[in-house]
Protein chains: 4
Amino acid sequence: MASAPPNIVRAAYTELISTDLDMLGFVLTARDDDALYLRGCEETTHHSLVLRKGPEPAAACLAFRVWADSDLDAAEEWYGERGCRVERRPAGAMRGIGAAVRVEDPLGFTLEFFQATDRTERLLQRFELHHGAAIARIDHFNISVNDAPKAYDYYESLGFRCSETIEDEHRLYAAWMHRKPSVHDVAMTGGASPRLHHTGFFTPEAHHILRLCDLFGALEQQHHIERGPGRHGVSNAFYLYLRDYDGHRIEIYTSDYFTGDPDHEPYRWNVNDMRRRDFWGAAVVPSWYAESTPVLDLDGRIVPAIAIEPERSEVVVGADGFR
Amino acid sequence: MASAPPNIVRAAYTELISTDLDMLGFVLTARDDDALYLRGCEETTHHSLVLRKGPEPAAACLAFRVWADSDLDAAEEWYGERGCRVERRPAGAMRGIGAAVRVEDPLGFTLEFFQATDRTERLLQRFELHHGAAIARIDHFNISVNDAPKAYDYYESLGFRCSETIEDEHRLYAAWMHRKPSVHDVAMTGGASPRLHHTGFFTPEAHHILRLCDLFGALEQQHHIERGPGRHGVSNAFYLYLRDYDGHRIEIYTSDYFTGDPDHEPYRWNVNDMRRRDFWGAAVVPSWYAESTPVLDLDGRIVPAIAIEPERSEVVVGADGFR
Amino acid sequence: MASAPPNIVRAAYTELISTDLDMLGFVLTARDDDALYLRGCEETTHHSLVLRKGPEPAAACLAFRVWADSDLDAAEEWYGERGCRVERRPAGAMRGIGAAVRVEDPLGFTLEFFQATDRTERLLQRFELHHGAAIARIDHFNISVNDAPKAYDYYESLGFRCSETIEDEHRLYAAWMHRKPSVHDVAMTGGASPRLHHTGFFTPEAHHILRLCDLFGALEQQHHIERGPGRHGVSNAFYLYLRDYDGHRIEIYTSDYFTGDPDHEPYRWNVNDMRRRDFWGAAVVPSWYAESTPVLDLDGRIVPAIAIEPERSEVVVGADGFR
Amino acid sequence: MASAPPNIVRAAYTELISTDLDMLGFVLTARDDDALYLRGCEETTHHSLVLRKGPEPAAACLAFRVWADSDLDAAEEWYGERGCRVERRPAGAMRGIGAAVRVEDPLGFTLEFFQATDRTERLLQRFELHHGAAIARIDHFNISVNDAPKAYDYYESLGFRCSETIEDEHRLYAAWMHRKPSVHDVAMTGGASPRLHHTGFFTPEAHHILRLCDLFGALEQQHHIERGPGRHGVSNAFYLYLRDYDGHRIEIYTSDYFTGDPDHEPYRWNVNDMRRRDFWGAAVVPSWYAESTPVLDLDGRIVPAIAIEPERSEVVVGADGFR
C-alpha cells in the first residue's frame, strides 16, 4: 500500500435521504423534483447539504473536497489498495458537482471525493437574505463508530490530524480529526456503526444560535431541539443539536479554534470529566448517544449496523449526567 | 395655577410627515391612503410611529399616554392655566387612538395626551415576524430647545424627573427627563427651537443594532446611518442614529438603566467631557447637532424656529471631536 | 380594612442566611464579621443581597422599597388591620438601611418595607470593575406558595398588577406581579409554603449569562448551574438558575418587557404548554420544582412549611418534559 | 531562481519597539528587563506579540511560522536567490523561539521564519483568566506599501493566495493574501514604505470588542481608539483599531470566512465603493491612512520610507468620506 492518500481539503457536503429542514437558515441553490440543494451564506460552492426524497431516512454519502483533479486518481488507487469498492462518477452525477470518486470505506461509510463544483453567488454580505441561524458553511461530519481506535487509525492514514480526544487509561472513546485547520472535519462518536451521527454547520456568533431557538419556539417546533444550546468542552464551540422529522441530526456550531500549527498537540479529555460534552455540566440527553442515521452503500441499500460493545461505549463508561 | 398636571405614563408615539422607513424592523399595524401606523414587536398599542404623507417634512405631534381618562381634563386645565392653545379631539381623530387633548405647549411643540388605544396582537414571541433591528418599543422623544433651563423647568412642573444632565459652572446645556423609570421619556438637545431632534426606539440587545447596520450596508443604504453605533456616556445606552429621506432622525437604543427610586440622583456630565455623547470618544458628526425636524402647530403649519445663542449651545461650548 | 397599602416602588433586597456567592458578578459594598452586603453594578443603594452566616440556610426577609417615609406608617397600619405581627426597626438595624417595618405577612413570609438607604458609588460605567455576569440590579423575588389564588389576591390588594399567569380551566398555578413596570417584582411558584424559590437579578445581555456559565465550567463549579441557560416562555427573559452550597437559588435574568400601560393585559399560559417554563422546550429539572429555601419569622425561627396539594401543583398537572 | 519557497503556515508574531499595551486582553507569557512576551488566550506558542523597550518606536520584525525545519533552509535559499540579506539566528536569539532565519525582504521589511517555539499552557477554557477583549490569537500583518502590484507579485511567489482586492480599471491599490485559509496573513495598504500599518488579532465575537471599547471609556483612555468599531467591507470582519502611546496600531478583528478551497476566487472591491473599508459607510479617519510604524533592518536601524505617489494612493483616489 504505497500510494499517497488524496489531498483532502475539507468536509464538503452531506447527502441525506430526508424531508425539509428549511427554517434553519440555509440558502437554496437549486431544487429538483426529488431534492433540495442547500448551502450556507458564505459558501460559493453548489451545496453543502442535499436533501433527497426517498423511501426511508438515510445518509447516501459524505463528500470531501480534494485539492486537485489528480486526487481523484489518488483516491481510487488508495482505496483500491485497501480492497474497497470504488466507483467513478461523471460530472453531474450529483447536480452541481464535477467528476467524482465514491467509495465504500473500511468503516462501511460511502464517501465521495470531488474537486470541481459549480460556483454560486457570494451571499456573505447579502445580509438581507440571511435568516434563521444565518448558517455560514459546513464544518464537519460526526460519524458513529463501534471501534474508535480503528477509525482513528484509518483517518490518520488518510492524512487527518487529531485535535482532541475522549479517553481513559483503557482506551480511546472518541476523537476529533481535521484537514482544514479547525477542530475537525470528522469526529467519531461511539455507537452502532456505520451510522451518521450528525453534520455540523458553522454560524458566526452564539446569538445566531439563540435566535434559531427562539424561532423554533415561536413556530411551536421546539421538539426539534434535541440538545443545547451550550458550550462543548471538546472544541470549545457553542452548539445546538436539531433533529428533523426523519431523525437526521444537524449541529449548529460556532467559535472553535485554530489547529494548523505543525506541533499542535491533541487535547485529551478524560471520559469521566462531566464537562467534556457540555462544559457547563448540562446532562446529555439519552437520544443523543442512542440514535443516528443509517448509511447507504453504493447501491443505495442500507448498510446493516453493528452495535458497540458496552466497554467501548462512552455512554456506558463516562459521566454524562443522565443515568 | 393650582391644578395638578396629568398623570403621564410615558412617551407614546410620534406623528411624522414623511416617507417610508420600513426596513428598520417596525411592525405595520395599519395603512391608510396617506399614512402608515407602525409599532414595535413588544407593543400591543395601535402604533408608536405614524408616517403620514405631506407637502414637506415635519413632526405633527408628540404623544404621551396618560393613566386615566380624567387626565385629559387635567391636561386641558393645566395647559389652559398656562395660556396654551388646547384642542379636544374625538376618538378616532388619530386612527387607533381614543379621545385626546392636543396642545401647543410653552416651548412651541404640539403635544397630544390620550389614554385609550386599540389593542393589537402581541408579537413579542412571534420571532418569525421580527426583522431588521427587531424594534421592541418606543423609548423617548429628543427635542431641540434653545433654552434648556426653561425646558427643564416646564417638564419638571409636568411631573418629569431628571436622570442626567450636561452642564458646566455657567449653565445647563441638555437634560434627560422621565416619567417611566428609564433614563428618559424626553431629552432636550440645544438647537433651533421648536424642532424635533429624534425619536428613540428600544431594541433588546446590541447585536440587533449591528444587524441593522449590516442590512443598510447590504442594501447600499448605508448613507442613512448618521452616527454610531456606539455607547452613549449619558444613559449608558448602545445607540445608532438613522436619517430617512426627509431627514427625520430615528435612534435605535438599548441597555439603559432603572431610575425609579425615590432618591435617584441625576448624574451630571461636564460639557467638556468628551465621553458624554460617545463613551468611546468617537467624534459627533456636525449634522447631528445642526439638523432637526420642523414641528407643526395645531393648524398644521410649520412653527418658525428660533436659533440658539452660541453661549447656550453645547456644540459651541463643549468637546465633541469634530471642530 | 379601610387603609391604603404602602406605595411600594419595587423589590429591593433579600437577606439570606448562607455562605459566599461572590463569583457571580456582584459588587461588595460592605462586610461585617458575619455578613456580606452585595449590590449590582447599576445600583446606588447599599445592597440588594445580604449573605449572613447562620446555623442553617434560610431567607431572613424579603425587602421592598417604598416611596416615602409615610409608607412605613401605611405598611404598619395595613398589616395591622390584617392581624399580622408587625415590627418597627430603627435605622441601622440592617446595615445601610434606614428606619423600616418588618411584618409576618398573611402568606407566612417576613417582609421588610423601607424608604431610606445609604447611597453608594455609581459603578454603571466603571466597566473595569464589572466581572462574572456583570449583574446590574435586583429584579424580583419568586416565592413558593401552596395556594396561588390566595397569594394572587393578597398581592393584588397590596397594589401589585399581574403581567402573566399559568393556569387552566380549573385554577391558577402561578402568577407574575409587579410594581415597577417590568414583568415582576414578585412571582409565585407552586410548592411548599412559605419558602423562597429564588431571587432574580438583571444583567444587560444574554452573552453576559453565557460568560457566567463559561466561568463556572472553567472553575469546575458547573454543578452550581441548576437549569438553563434558556429563554422563558413566561416573561420572554433569557435566564440561568444557580444554586449555592446552601441550596439558595439565584436567577440571572435579562430582556423582559415594559408592563406599565394602564390597560396592560395579563398574558395567560396554559399549564400544558411545554414552552411556558422554557420557550425552547428544554425539560425543567425536578429539583427546580421540589427545592426551595425555608424562611424565618421575626424571631429568626424557621417557619414550618406546608406542602402543596397535588391538584394545585403545576409540576403534577403541567407539561415539563421530565416525567 | 529555481528553488521552492518555504512552506509558510501563517503569520506568527510581531516584535514592536514600544511601551505597554496590557489592557487589551493579552496573556503575559514572560517578561525580560526590556521586553514583554504576549499571546492570545488560544495560543500555546510562546508569543504572538513582543513589546521591547527601545529608543524610538519601530517594528523590529514580522515573523512567519513555517511547517518544517527544512523550511529554514528553503527560506535562506529562496531569499538568497533574490539578493536579499539573510541572517541565521540560533534558538533563543528571540526568547521562546527556536532556530530562525531573518531576511531583509524585497519590499524592505525584516521578516523572520521559524518552526520551533516553546509550548505554553492552553488557556482557551481558563475563562477566569480572560479579560479585556479576550484576544484569542494573532490573525495577520498589514503592511504599508507604495507599490501594491509589486508587493502582490512578491507574496504570490512566496506561495500566498489572494482573497480580496481594492482596485479600479487602472491599478491595484490593496490586497489581502493568505497562507492559512482565512482572509489574510498579510494585507497591503498604500502608503509610505516600508512601514507596518498594523497587526491584527482575532477575538471570538463582536461583543468582546464592544466590551473593550467600554473599558477604554471607563479608564478615560478612549483616545487610544482610532477607528471603529465597525464592519469591514473587505473581509466582512467586525473590527476596532487602537493606537498605543508610540502610535503602534493594533486591530481587534472577528468573523471573517474560510478561503481554503482550491478554486476560491478573489473578491474585488472598486476603490470608489464607500463600503469597502467600512461596510456601514463610516468615514475612515485620516490618521488611519497617513500614519504607520517604521521598520528596522537587520542591524536595528530604521529603514527610510519612500512616500507613495498620489495616483497609486487609495486615500487620494478612493471614496472614504473624510475629504
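The values are calculated or read from the model by the stated rules, or taken from the named source; none is laboratory data. Nothing here was measured: the structure is a model prediction, and the numbers come from that model. Cβ atoms come from the backbone with ideal geometry, glycine included; neighbour counts cover every protein chain shown. Note: accessible area is taken over every heavy atom of the protein model, side chains too, but ligands, DNA and RNA are not part of it. Shrake-Rupley method; radii C 1.70, N 1.55, O 1.52, S 1.80 Å.
What to note about this one:
- Comparing region D:52-193 with the 2.2 N^0.38 Å rule of thumb, its C-alpha radius of gyration ratio is 1.17 (two decimals).
- Mean-position separation - Cα centroids, region D:162-182 and region D:27-75, in angstrom: 26
- Computed over all pairs of different Cα atoms, the Kirkwood value for the hydrodynamic radius of region A:145-246 is 15.3 Å.
- The listed residues B:Val316, D:Val50 rank as B:Val316, D:Val50 when sorted by accessible area, largest first, using a 1.4 Å probe.
- Per-residue mean of C-beta atoms belonging to partner chains within 10 Å, peptide B:277-286: 5
- Here B:Phe127 sits with roughly 20 square angstrom of accessible surface, probe radius 1.4 Å.
- Considering every alpha-carbon pair of region C:61-117, the percent of pairs per 5 Å bin, from zero through the bin containing the longest distance, is 5, 22, 34, 25, 11, 3.
- Net charge over other residues, Cβ less than 9 angstrom from the Cβ of B:Ala11 (K, R count +1; D, E count -1): +2
- Cross-link reach list, lysines versus C:Lys180, counting only Cα pairs under 17 Å and skipping chain neighbours closer than eight places: B:Lys180
- Note: relative contact order over region B:98-211, using C-alpha pairs below 8 Å and six or more positions apart, is 30 percent.
- Interface residues in region A:23-51 - accessible area drops by 40 Å² or more relative to the isolated chain, probe 1.4 Å: A:Glu42
- All aspartates and glutamates inside 15 Å of D:Lys53 as judged from Cα atoms, apart from same-chain residues fewer than 8 positions distant: D:Glu15, D:Asp20, D:Asp22, D:Asp32, D:Asp33, D:Asp34, D:Asp244, D:Asp246
- Helix-only [θ]222 nm of chain B, DSSP H runs n ≥ 4, -39500 (n - 2.57) each, per residue, nearest 500: -4000 deg cm²/dmol
- With semi-axes defined as the square roots of five times the eigenvalues of the C-alpha gyration tensor, the equivalent ellipsoid of region A:239-279 measures 27, 16, 9 Å, largest first.
- Solvent exposure ordering (accessible area, 1.4 Å, most first) of A:Arg211, B:Arg227: A:Arg211, B:Arg227
- All Cα pairs of region B:2-119, percent lying beyond 18 Å: 50
- Each residue was assigned an accessible area with a 1.4 Å probe, and for A:Asp153 the value is about 90 Å².
- Rounded accessible area of C:Leu210 (nearest 10 Å², 1.4 Å probe): 10
- In a reduced charge model with +1 at each Lys and Arg Cβ and -1 at each Asp and Glu Cβ, chain B shows a dipole moment near 360 debye about its Cα centre.
- When chain B is treated as a Gaussian network with alpha carbon springs shorter than 10 Å, the biggest mean-square fluctuation among B:Ser144, B:Ser193, B:Ser70 belongs to B:Ser70.
- Relative contact order [Cα under 8 Å, 6+ residues apart], region D:185-260, whole percent: 32
- Chain D - Rg (one decimal) and Dmax (whole number), Cα, Å: 18.5, 56
- Over region B:194-296, accessible surface divided per residue gives 27 Å², non-protein components excluded, 1.4 Å probe.
- Separation of alpha-carbon centers, region A:278-310 and region A:81-103, rounded to whole Å: 25
- Cα gyration tensor shape for region A:205-323, rounded if a/c is under 1.5, else prolate or oblate: rounded
- Region A:187-243 shape via C-alpha gyration tensor axes, a/c threshold 1.5: oblate
- Normalised contact order of chain A, rounded percent, pairs of Cα under 8 Å and 6 or more residues apart: 18
- Judged by the gyration tensor of its Cα atoms, with axes a ≥ b ≥ c, region A:248-303 is oblate; a/c meets the 1.5 cut and b/c is at least as large as a/b.
- Charged side chains reduced to their Cβ positions (Lys and Arg at +1, Asp and Glu at -1) give the protein assembly as shown a dipole of some 0 debye around its Cα centre.
- Candidates A:Asn146, A:Asn272, A:Asn236: whichever shows maximal mean-square fluctuation once chain A is modelled as a Gaussian network with Cα springs under 10 Å: A:Asn272
- About its Cα centre, the dipole of region C:154-235 is roughly 220 debye, where the only charges are +1 on Lys and Arg Cβ and -1 on Asp and Glu Cβ.
- Rough spin-label spacing in nm, given labels placed 7 Å along Cα→Cβ, for A:Lys150 and C:Arg52: 6.6
- Solution diffusion estimate, µm²/s, Stokes-Einstein, the protein assembly as shown, Kirkwood Rh from C-alpha pairs, 37 °C, viscosity 0.692 mPa s: 99
- Surface share of carbon and sulfur [accessible, 1.4 angstrom probe, percent] for chain D: 50
- Per-residue average of Cβ from other chains inside 10 Å of B:220-230: 3
- Listed residues C:Phe141, C:Phe258, C:Phe238, most fluctuating in chain C (Gaussian network, C-alpha, under 10 Å): C:Phe258
- Of the residues B:Arg122, C:Arg39, D:Arg171, the one with the largest accessible area comes first in the ranking D:Arg171, B:Arg122, C:Arg39, computed with a 1.4 Å probe on protein heavy atoms.
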